[in-house]
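The structure under discussion appears below in the form of structure tokens.
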Amino acid sequence: MKFIHTSDWQIGRVVRFADDDTLGALQAERLEVIRRLGHLARQEGVTHVLVAGDVYEHETPAERTLHQPIERMREFPDLQWHLIPGNHDADQPEGVWARLLRSGLPGNVQIHREPGPVLIDPAQNGWLLPAVLKRRHVLTDLTAYMDEAETPPDALRIGLAHGSVVGFGGESEAEHNPVALDRARRAGLAYLALGDWHGFCQIDARTVYSGTPETDRFTTGGGGGEAVVVTLRGARAEPEITRHRTGRYLWKKLEDVVLTSGQDVLALEARIRGIAPDNPGAVLVWAAVSGLLPVEDMALYESTILKRLNGAVACLRLTGAPHLSAGTEDLDRFGAGGAVRAAAEQLLARSEAGGAEGQLAADALQRLFLFWQDMGAQAG
């Protein structure tokens, strides 16, 4: 038996640091990746797609958001999509799953709302054992019933759950929706498909987090943007697991970027453009920036990073910034006298005094230098 394991689609997810255009593009791609999963299934010759929870970001999505992923799955009538609730879309009374069932589902989409073995592949004797979250957080292991769940001899027992493997994540994570580290062994599972962790992670030979198919954060363990194709050649055979890239966007976090020269500025630009040289529009970057730049190099930073590069990538998120390193000799750019020169001298004196007021003065002086340079360039 062969199937796709995916999880944590989180349709409707809001990325708060992104502008409206970027947010819209990211949300659209979380829907488009469902089509890529469908095409991957056809390419790999599988008929079942297991979605290990968190199809939606919220328990009460808007009506359009509610139906968008279902309609993408409807486009692949030759595939069977198996969904379970996650902690973001737990199966609560009158919640997201009840709303979907009232409105009607295509025949190829099955929502598993109760625990217990479900025959999904009669030819291969394949049985799905879903764990079902009825609340966002529970303290009991909902996969425990799998140990005693009865299936025919030599059945392919496939667990599907959403939670934290005890001993894998942090202690606080393991308190909620726990999954026993050795559940696959104790329950005789050929494979345990898990959701909740957003990056691919293989706990043991039979226990795997697929990760989200479209990356959605800068700090995901294991990466994200993948789906897993699983081949089971028998109840006791070790599963064959292959990872497939499904995500469009690349998220990269750059720590401790210190800029002290124009060369550093150009190196930062090259580093970011090098993430996806042929498609910078698919890159989101979060850079922690600091340092001191002289006037000319600060102007280069402004034009190269804040303007050009910011327009090239999908999102440029900057924490911190380089500060201006200016001295009395730099004031000659404003001429020997006049109101602008006098204002610049006062700002420089205040910036050298330090403190909060000094930082404000330094920022103002930086803007004045850049404005004056722009004015000169326009006049030229």
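The values are calculated or read from the model by the stated rules, or taken from the named source; none is laboratory data. These numbers come from a predicted model, not from an experiment. In this analysis, Cβ positions are derived from the backbone assuming ideal geometry, glycine residues included, and neighbour counts consider all displayed protein chains. All accessible areas refer to the heavy atoms of the entire protein, side chains included, with ligands and DNA or RNA removed. Shrake-Rupley method; radii C 1.70, N 1.55, O 1.52, S 1.80 Å.
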Seminar exercise, completed: Mean accessible area per residue over the stretch 210-321 (1.4 angstrom probe, all protein chains present, square angstrom) is 44 Å²
For this session: May I ask you to give the percent of accessible area on the chain that is carbon plus sulfur, with a probe radius of 1.4 Å?
Result: 51 percent
Problem set entry | Per-residue [θ]222 nm for the chain (sum of -39500 (n - 2.57) over DSSP H runs n ≥ 4, rounded to 500) | -9500 deg cm²/dmol
For this session: Can you send over the solvent-accessible area of residue 286, 1.4 Å probe, protein chains only, in Å² to the nearest 10?
Result: 60 Å²
Problem set entry | Cut-off 13 Å (backbone N to label point 7 Å along Cα→Cβ of residue 19), residues of the stretch 289-324 | 306-317
Problem set entry | Solvent exposure ordering (accessible area, 1.4 Å, most first) of 253, 307 | 307, 253
Exercise. Which value, in Å² rounded to 10, gives the accessible area of residue 91 with a 1.4 Å probe and all protein chains present?
Worked result: 10 Å²
Seminar exercise, completed: With the charge dipole of the stretch 25-99 built from beta-carbon charges (+1 for Lys and Arg, -1 for Asp and Glu) about the Cα centre, the Cα from 37, 88, 98 projecting farthest to the positive end belongs to 37
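Might you report the magnitude of the Cβ-based charge dipole of the stretch 22-98 about its Cα centre, with Lys and Arg at +1 and Asp and Glu at -1, to the nearest 20 debye?
Values: 7 positive and 13 negative charges, 69 e Å.
For this selection, approximately 340 debye.
Quote the charge dipole size of the chain about the Cα centre in Debye, to the nearest 20; the model charges only the Cβ of Lys and Arg (+1) and of Asp and Glu (-1).
940 debye
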Exercise. Rounded to the nearest 20 Debye, what is the dipole magnitude of the stretch 27-151 about its Cα centre when Lys and Arg each give +1 and Asp and Glu each give -1 at the C-beta?
Worked result: 400 debye
Exercise. Long-range amide H contacts for residue 203: which residues qualify at under 5 Å (H placed 1.01 Å from N, peptide plane, sequence gap of 5 or more or a different chain)?
Worked result: 208, 209
For this session: Pick out which of 177, 108, 87 has the largest mean-square fluctuation in a Gaussian network model of the chain, springs linking Cα atoms closer than 10 Å.
Result: 108
Problem set entry | Tilt relative to the chain, helix 262-273 - C-alpha long axis, 0 to 90 degrees, to 10 | 20 degrees
Seminar exercise, completed: Result for the stretch 1-55: accessible area per residue, probe 1.4 angstrom, in square angstrom, of 36 Å²
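Among 75, 175, what's the order by accessible area (1.4 angstrom probe), most exposed first? Numbers along the way, then the final one.
On the way: 75 85, 175 110 Å².
From most exposed to least exposed: 175, 75.
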Exercise. Applying 1/(1 + (r/R0)^6) with R0 = 22 Å to the Cβ-Cβ distance of residue 237 and residue 39, what FRET efficiency is obtained, to the nearest 0.05?
Worked result: 0.20
Exercise. If one takes the longest principal axis of the Cα atoms in the chain, at what angle in degrees, from 0 to 90 and to the nearest 10, does the Cα axis of helix 339-353 lie?
Worked result: 60 degrees
Exercise. Where the centre of each part is set by its Cα atoms, how far does the stretch 203-278 sit from the stretch 1-72, in angstrom?
Worked result: 17 Å
Exercise. With all protein chains present and a 1.4 Å probe, how do 248, 308 order by accessible area, largest first?
Worked result: 308, 248
